[in-house]
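Chemist: Here it is, the structure, as structure tokens.
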Amino acid sequence: MNTLPLPPTPSLSRFKQTRGFTGRPYELMAACRRECGPIFRLDLLGMGTWVLVCDPPTLIALHKMPEEKVVAGKIHFKVLGDKLSPFASFSIDGPEFMRRRKRIVPHLNGRRIWSHADTIRRVVLAELDQWPRGETFAFAHRAFALSVDLIARVVFSAADDDVLQRIEERVDRFMGSFHAPGIMNPMLQFELGGLTPWGRFVRARRVFWDLIVELAEERLASGPLPDKADDIFTELLLLHKEDPESFPLEHLAHEVSSLFVGGAESTAKTLLWTFLGLLEQPHTVERLRAELDDVLGGAPITVDTIGKLPYLDAVINEGMRYRPVGPFAGLRLTAADIELGGFKIPARTVIAQCLSEAGRLEEVFPVPDRFDPDSNFLGRRLSPREWLPFGGGIRMCFGKGLAIAEMAITVAETFRNFELELVPGDHRPKRDGIGFGPADGLRIVARERAAIQSADAAA
């Protein structure tokens, strides 16, 4: 391994690399891949050495490495633990991570999630009913509220409406504070008795954690738990009951809050970029509607019909590829020197999946620089060696099934019920919370198709 070279690094000073990484990361990643190829190294001031990997085969090799060589939780905790949840699966490694993964993932797999399809559709339709008709509004806020509501109803699906209302009130405050300016800037993370944005975030997070612990205590006191859980919250309570010392209720609260932050942030922003792509290419909207009408008529999407909608599937995949919510994901930290992709990676190096450029590999995607589901996904079944939008290995995104179902049902119900007009604005990526969305929040105007068609018929 000593004879292997280090990954190439761009011809930019450490200062310019750091400025690009923190200020304009999508542009930096694109420039680095053009100059260095699909694996490159950045030396960042105050953040150490990072290696960005664009090609999926190298990522698969990384995901197969044992924890003696690379770890994930440790670097997630270092980068985001204080903002998310220090004791959630996101921030831990080893046997405890595997124990939680084994209990949570079955509740979020595709078929289990599609058993909630009616609930997801009702929530989507209730959200659409709140949209102003014929007026400009920012879709970002509505998409985020929708994602939060859906996660609450999946995580706490066994709870009654009163409990869900208590949860949603607290989580709205917690997640709302997460979007305050400066939250992601370490220089601005001081509390001043709760007077700063960071202080308000920390206070709202604590109130939410306390509610989860309170609900857990109420449920434990109300009688014996079932042998088999129907929802994620009950599953976590069973895990706590098995070993309260290693998984106290405080850790349970961290786990639940991380599901909200990770799930709501990523899915809401993916919806924004998907809607933007569709509205920038109106022919894709017409083709999508034609498929929905032909296959579904006026019926809802179900687990039996989702596989009969290849164009909707292509649109969802293209939305994730077109503009990923972050330029990188899937962080790993090397615990020892390793070999990866023909390069030597020293210990204590951060390795990340370069999502923004992995979706623009010309050898995989015929039209990399435009929203084009027809060319990039329709009629093609890409293997993990070509496309890894949810990461891979044991750290694959827990919420993959819920994210796909939410996006599919939201896109379908929106575009078959509404005509949307894209309002001109600033659609460049802007950091908002832990991801990037269109800078203007994606301003749109919505009009009901039924009303338009009735007016046309009358005319």
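Chemist: Mind checking which residues of segment 92-124 are buried (at least 16 other Cβ atoms within 10 Å of the Cβ) and of a type in the set (Val, Ile, Thr)?
Modeler: Ile92, Ile104, Val105, Ile113, Ile120, Val123, Val124
Chemist: Please find, within segment 62-73, the residue that is most open to solvent (accessible area, probe 1.4 Å) out of those that are of a type outside the set (A, V, I, L, M, F, W, C) and within 21 Å of Lys344 (Cα to Cα). Step through it out loud before you land on a result.
Modeler: Taking segment 62-73 and keeping what is of a type outside the set (A, V, I, L, M, F, W, C), we get 63-64, 66-69, 73.
Checking which are within 21 Å of Lys344 (Cα to Cα) leaves us with 63-64, 66-69.
On the way: His63: 36, Lys64: 161, Pro66: 61, Glu67: 71, Glu68: 136, Lys69: 95 Å².
Here the residue is Lys64.
The rows are residues; the columns are (1) under 22 Å from Leu44 (Cβ atoms); (2) buried (at least 19 other Cβ atoms within 10 Å of the Cβ).
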site	(1), (2)
Val350	yes, yes
Ser356	yes, yes
Glu362	no, no
Val367	no, no
Phe371	no, yes
Ser375	no, no
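Chemist: Can you tell which of Asp294, Asp304, Asp313 is under 27 Å from Ile104 (Cβ atoms), open to solvent by 30 Å² or more (accessible area, probe 1.4 Å) and without any contact (Cβ under 8 Å) to a residue 24 or more places away in the chain?
Modeler: Unique residue meeting the criteria: Asp304.
Chemist: May I ask you to list the residues in segment 139-163 that are open to solvent by 40 Å² or more (accessible area, probe 1.4 Å) and of a type outside the set (Ser, Thr, Tyr)?
Modeler: Within segment 139-163, the subset open to solvent by 40 Å² or more (accessible area, probe 1.4 Å) is 141-142, 153, 157-158, 160-162.
The answer is His141, Arg142, Arg153, Ala158, Asp160, Asp161, Asp162.
Chemist: Can you tell me which condition Phe156 does not meet? The list is (1) of a type in the set (Phe, Trp, Tyr); (2) modelled with pLDDT under 80; (3) under 25 Å from Leu252 (Cα atoms), and all the others hold.
Modeler: (2)
Chemist: Within segment 233-272, restricting attention to residues that are of a type in the set (S, T, N, Q) and assigned to a helix (DSSP H, G or I), which residue is most open to solvent (accessible area, probe 1.4 Å)? Spell out how you get there, then give the answer.
Modeler: Going through segment 233-272, the residues of a type in the set (S, T, N, Q) turn out to be 234, 246, 257-258, 266-267, 270.
Restricting the remaining residues to those that are assigned to a helix (DSSP H, G or I) gives 234, 257-258, 266-267, 270.
Values: Thr234: 15, Ser257: 0, Ser258: 21, Ser266: 41, Thr267: 9, Thr270: 19 Å².
Selected residue: Ser266.
Chemist: Filter segment 330-368 down to the residues that are of a type in the set (Gly, Ala, Ser) and on the phi > 0 side of the Ramachandran plot and list them by number.
Modeler: As a first pass, look at segment 330-368 and keep what is of a type in the set (Gly, Ala, Ser): 330, 335-336, 341-342, 347, 352, 356, 358-359.
Correct list: Gly330, Gly341, Gly342.
Chemist: Looking at segment 293-314, is at least one residue of a type in the set (Val, Ile, Thr) and within 27 Å of Arg431 (Cα to Cα)? I'd like the intermediate steps shown before the answer.
Modeler: Here is the first cut: in segment 293-314, the ones of a type in the set (Val, Ile, Thr) are 295, 301-303, 305-306.
The next check asks that each one be within 27 Å of Arg431 (Cα to Cα); those that pass are none.
No: zero hits.
Chemist: Can you name the number of the only condition in (1) buried (at least 16 other Cβ atoms within 10 Å of the Cβ); (2) of a type outside the set (A, V, I, L, M, F, W, C); (3) closer than 29 Å to Arg142 by Cα; (4) at pLDDT below 95 that Lys430 fails?
Modeler: (1)
Chemist: List, please: which pairs have Cβ atoms under 7 Å, are six or more places apart or on different chains, and start with a residue in segment 122-140 that is under 20 Å from Ile409 (Cα atoms) and end with one that is part of a helix (DSSP H, G or I) and of a type in the set (Ser, Thr, Tyr)?
Modeler: Every condition considered, the pairs that remain are Val124/Thr410; Leu128/Thr414.
Residue by residue, here is whether (1) closer than 20 Å to Glu135 by Cβ; (2) in a loop (DSSP other than H, G, I, E, B); (3) open to solvent by 10 Å² or more (accessible area, probe 1.4 Å); (4) not small (Gly, Ala, Ser) holds:
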site: Ala405; (1), (2), (3), (4): no, no, no, no
site: Ile409; (1), (2), (3), (4): no, no, no, yes
site: Ala412; (1), (2), (3), (4): no, no, no, no
site: Arg416; (1), (2), (3), (4): no, no, yes, yes
site: Leu420; (1), (2), (3), (4): yes, no, yes, yes
site: Pro424; (1), (2), (3), (4): yes, yes, yes, yes
site: Gly437; (1), (2), (3), (4): no, no, no, no
site: Asp440; (1), (2), (3), (4): yes, yes, yes, yes
site: Arg447; (1), (2), (3), (4): yes, no, yes, yes
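Chemist: Among the listed residues Arg19, Arg33, which satisfies the condition of being surrounded by 13 or more Cβ atoms within 10 Å (Cβ to Cβ), modelled with pLDDT of 95 or more and either among the charged types (D, E, K, R) or within 16 Å of Leu355 (Cβ to Cβ) (or both)? Reasoning before the result, please.
Modeler: Details: Arg19 fails: modelled with pLDDT of 95 or more.
Exactly one of Arg19, Arg33 is surrounded by 13 or more Cβ atoms within 10 Å (Cβ to Cβ), modelled with pLDDT of 95 or more and either among the charged types (D, E, K, R) or within 16 Å of Leu355 (Cβ to Cβ) (or both), namely Arg33.
Chemist: Name the one entry in Glu362, Glu357, Glu339, Glu386 that is of a type in the set (Asp, Glu) and assigned to a strand (DSSP E or B). Show your work before the answer.
Modeler: Working: Glu362 fails: assigned to a strand (DSSP E or B); Glu357 fails: assigned to a strand (DSSP E or B); Glu386 fails: assigned to a strand (DSSP E or B).
Step by step, each of Glu362, Glu357, Glu339, Glu386 is checked, and only Glu339 is of a type in the set (Asp, Glu) and assigned to a strand (DSSP E or B).
Chemist: Now for a different question. Within segment 278-286, identify whether any single residue is at pLDDT 95 or above and buried (at least 23 other Cβ atoms within 10 Å of the Cβ), and answer yes or no.
Modeler: yes
Chemist: Right, next: Select from segment 201-222 the residues that are of a type in the set (Gly, Ala, Ser) and open to solvent by less than 70 Å² (accessible area, probe 1.4 Å) and write down the one among them that is nearest to His251 (Cα to Cα). Please lay out each step first, then the result.
Modeler: Residues of segment 201-222 of a type in the set (Gly, Ala, Ser): 204, 216, 221-222.
Narrowing the set further to residues that are open to solvent by less than 70 Å² (accessible area, probe 1.4 Å) leaves 204, 216.
Values: Ala204: 17, Ala216: 12 Å.
Applying the filter and picking the extreme gives Ala216.
Chemist: Another question about this same structure. Could you check Lys78 against (1) farther than 16 Å from Ala403 by Cβ; (2) over 20 Å from the mean Cα position of the chain (by Cα) and say which number it fails?
Modeler: Status for Lys78: all satisfied but (2).
Chemist: Considering only residues that are surrounded by fewer than 22 Cβ atoms within 10 Å (Cβ to Cβ), farther than 13 Å from Gly330 by Cβ and among the aliphatic types (A, V, I, L, M), look in segment 377-403 and name the one that is modelled with the lowest pLDDT.
Modeler: In this case the residue turns out to be Leu382.
Chemist: Being touching a helix residue (DSSP H, G or I) at 6+ places or on another chain (Cβ under 9 Å) and at pLDDT 95 or above narrows it down to one residue among Glu448, Glu421; which is it?
Modeler: None of the others qualify; the one that does is Glu421.
The values are calculated or read from the model by the stated rules, or taken from the named source; none is laboratory data. Keep in mind that this is a model prediction, so the values were computed, not measured. All Cβ positions, glycine included, derive from the backbone under ideal geometry; neighbour counts span all protein chains shown. Areas reflect the complete protein model, heavy atoms only, side chains present, ligands, DNA and RNA absent. Shrake-Rupley method; radii C 1.70, N 1.55, O 1.52, S 1.80 Å.
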